[in-house]
1. Once phi is turned into θ = phi - 60°, what whole-Hz ³J(HN,Hα) does the Karplus curve with 6.51, -1.76 and 1.60 give for every residue of the range 145-159, x standing for Gly and Pro?
2. Where does each of 109-122, 381-394, 86-99 land if you order them by average Cβ count within 10 Å, highest first?
3. Pull up all non-local amide H partners of ALA508: gap of 5 or more, or a different chain, and H-to-H distance under 5 Å with H placed in the peptide plane.
4. What number comes out for the charge environment of THR28, summing +1 per Lys or Arg and -1 per Asp or Glu over other residues with Cβ under 9 Å away?
5. Return an integer: the convex hull volume of the alpha-carbon atoms of the range 43-138, in Å³ per residue.
6. Each residue of the range 45-55 in order: what ³J(HN,Hα) in whole Hz does its phi give by Karplus 6.51 cos²θ - 1.76 cosθ + 1.60, θ = phi - 60°, with x for Gly and Pro?
7. Which order do THR310, THR335 fall in if you start with the one that has the fewest other Cβ atoms within 10 Å?
8. Enumerate the amide H contacts of THR368 below 5 Å, restricted to partners 5 or more residues apart or on another chain; note that Pro and chain-start residues carry no placed amide H.
Amino acid sequence: MDLSAVRRVEAITRNLEPPPPPTFTTMTDVDIFCGTYNVNGKREKALALSWWLMQGWTTSAPHLFVITLQEMIDLSAANVVKETIADTRSKQAAEDWAAELRRAFGYVAAARPGCFDGATPQLIAEEHMVGIALFVFAWDETVLSSVEDLCSARIPTGAVGGRLGNKGACAVRFRLRASTLCFVGAHLSAHRGDVAGRNADYAAVVGKDCFSRFAPWRGDVDVDKAEMTTSDGPPNPCRCDFGVLDHDVVVFAGDLNYRVDASIADREVQFLVRGDLPKLVALDQLNVERSAGRTFAHGFEEAPLTFLPTYKYATGTTQYDYEVADADGATNKKTRCPAWCDRVLWRAEPTGPRPADGAFAESVAARTYDRADDRLKVSDHRAVFALLTARLRDVDADARDAAGRDAAAAARGEAPRAPRADEQRSGFEVLTRPASLSAPPPASLAPATRRTSLSAPALPSPAPARHAGVDLDPPLLWLRAGVDAVSTITNRSPETVALALARAPPWARLALPPSLAPGASATLKAHAALDAAAKLALAEHGGLLAATATVSVDGAATHLLPVVVSATPNWPAAHPAADAPPRAPPQRASSVLAIPGMK
C-alpha cells in the first residue's frame with residue numbers, strides 16, 4: 001500500500017472516531033450505606049444501632065445513610081385500617097426511630113473520631129406508611145449543598161385491593177449533583193407460597209407514577225396539567241408524572257419476604273442452612289424469580305448471598321425459632337423455615353442525556369453486603385446492610401452554559417463568540433440552562449462541517465432587537481428525552497415590561513410570566529408534551545423537531561426563541577467518513593429545521 005493510501009485510511013479513521021468527551025462533565029464517587037430491618041414492632045437502642053451503622057467501613061463515613069424499617073407498629077387489622085387513614089401511631093413511631101438513629105450517630109462519632117469530619121449527620125428526607133419507614137441521612141457539606149428536587153411518596157399494595165399500607169413501599173427521590181437517585185423501602189407479601197403476590201407487589205411499586213414533575217412549577221403560571229400528558233399511543237417519555245424506575249440510580253431494599261422454594265421440606269432447609277449454604281442460595285425464591293424474568297427484571301442487581309438467612313429467629317436470641325422449639329420439646333409450636341427475607345438490590349440505568357460513548361453513565365458497585373451485628377436481636381429478623389459506591393455525574397454549569405451559547409450560535413449559522421461585557425449589566429437577558437443536560441452538541445457543529453439531512457431552512461439569525469434599553473439575545477431551548485429546558489429571564493431595563501409568547505409549537509409547553517418588574521428575574525420553562533401526531537412526526541424526521549417561538553416585550557420588541565426536541569438521550573456522532581458521498585436531502589415539513597452536524 002502506497003503512502004497516500006495509508007494517509008487516506010488514517011484520515012478516514014480519525015473522522016470515524018467519536019468526539020472527545022465534554023470537559024465540563026466529571027464523575028464523582030458517593031458512598032451509600034443502605035440498611036433494612038424488620039423490627040417486629042420492637043425498638044432497638046441507639047447503642048445497638050450504632051454497631052450496625054459502623055459495619056462495612058472504618059475511617060471516613062459513607063456520604064449517605066439510607067435506613068428502611070418494617071413493622072414499626074403492630075400490624076393488626078385494626079391498626080392497619082386506622083393508620084392508613086389517621087397516620088398517628090406510625091407518625092410517632094417514625095419520629096421516635098429518627099431520634100434513636102440520631103443518638104446512634106452520636107455513638108458512631110464517639111467510637112470513630114473524625115469519621116464525620118466534625119459534622120453531624122442530618123435527616124434530609126423521611127417517609128413513612130403504617131409500619132414502613134424510610135430515612136435518608138447525610139453529613140458531607142458537598143452532598144448537602146448538592147441535593148435538589150427532593151420529594152417522597154407512599155405506594156400501598158396491601159389489603160382491600162391495594163389500598164391499605166400494611167404492604168407496599170415508601171420512596172424518596174432527589175437530584176444529587178447532575179444525577180437522579182431514588183431509594184425505596186418496601187415490605188412485600190408474606191408466606192412461603194405467595195411468590196406471585198410478592199411479584200405483583202413489586203410490579204405495583206415500580207409501575208406507579210408516584211412522583212410529579214408538575215410540583216416544581218409552583219403555580220407561577222397557569223398551566224393545565226392534563227394538557228401535559230397524553231394517553232394515546234406509546235408512553236410519553238416527557239410525561240409529567242413519573243415513577244421509581246425513571247431515575248439514574250435506584251436502590252430497592254426492605255423485607256421482600258422471598259423464601260426458600262416451597263417444594264423443599266423444612267428439615268432439608270434446616271440441614272442446608274448449616275451444611276450447604278450455596279445450594280440453599282440456589283433455591284432462594286428471589287434468585288429463581290429473577291432468573292426467570294418474573295420480578296426485578298429491570299436491570300436490578302444484588303451482591304452474592306454469603307451470609308446466613310435473616311429470618312426467622314427466636315426473639316432475643318441468636319438461634320432460629322425451630323432450634324429453640326426443638327430444645328424445649330415444643331414440637332407443636334408454629335415455626336418458620338429460615339429464609340433471606342431482607343434484601344438490598346440496586347439498578348443503575350441512566351435516564352437523561354449522555355454522550356454516545358457512554359463515558360458519563362452512572363454506575364453502582366457493592367463493596368460489602370452482609371447481615372448486621374448479632375447484638376441487634378430484639379426482632380425475629382436480622383438487619384441487613386449494603387455498602388454501595390455510586391458513580392455520579394458532576395457538571396460545571398458555567399462551562400455548560402458557555403457551550404450552550406456556542407451551540408445556539410452554530411445552529412443560527414453564526415460563529416461562536418464570547419458574551420459581551422454589557423450583557424450582564426443591561427438589557428433583557430435570557431440564559432438557557434437545560435436541566436440535567438450534561439453534554440452540548442459536539443464542537444464540530446460549525447457551518448463548514450455541516451451535513452444536513454433536513455431540507456427546511458436553518459434556524460433564523462435575527463438581529464438583536466431593542467426596546468427602552470432592553471437587549472434581546474435569543475438562546476436555543478433544547479429538549480431531550482424528557483428533560484425540560486429552563487431559561488432565566490432578567491429585566492435589566494428601568495421600567496416594567498409586558499411579556500407575551502406567540503407561535504409556540506404544539507409539542508412544546510412554554511410558560512412565561514405576563515410581566516416583569518425592573519431588575520426582577522423569572523423563569524421560562526419548556527416542557528415537551530408529545531401527542532401521537534408529534535411522536536409520528538418525530539419518527540418521520542429522524543428523531544428531531546424544531547420550531548421558533550416569539551417572545552414580545554411590551555408588544556413591540558420581539559425575540560425569536562428556537563425550540564428543539566430530540567427523541568434520543570445520546571448526542572449523535574458528528575464525524576462522517578471523509579470519503580462518504582453526500583446524500584440527497586429528503587423532503588421535510590416546514591416545522592422541522594436543519595441543525596448543523598445532526599443526523
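1. 6, 9, 6, 9, 6, 7, 7, 9, 8, 10, 10, x, 9, x, 5
2. Descending mean neighbour count gives 381-394, 86-99, 109-122.
3. Long-range HN contacts for ALA508: ALA529.
4. +1
5. For the range 43-138, the hull spanned by Cα atoms encloses 81 Å³ per residue.
6. Coupling constants for the range 45-55: 7, 4, 5, 5, 5, 5, 4, 5, 5, 8, 7 Hz.
7. Details: THR310 25, THR335 18.
By the 10 Å Cβ count, ascending: THR335, THR310.
8. LEU387
Here, each number is a calculation from the coordinates, and none is a lab measurement. From a predicted model like this one, the values you see are computed outputs, not experimental measurements. As a convention, Cβ positions derive from the backbone with ideal geometry for all residues, glycine included, and neighbour counts pool all protein chains shown.
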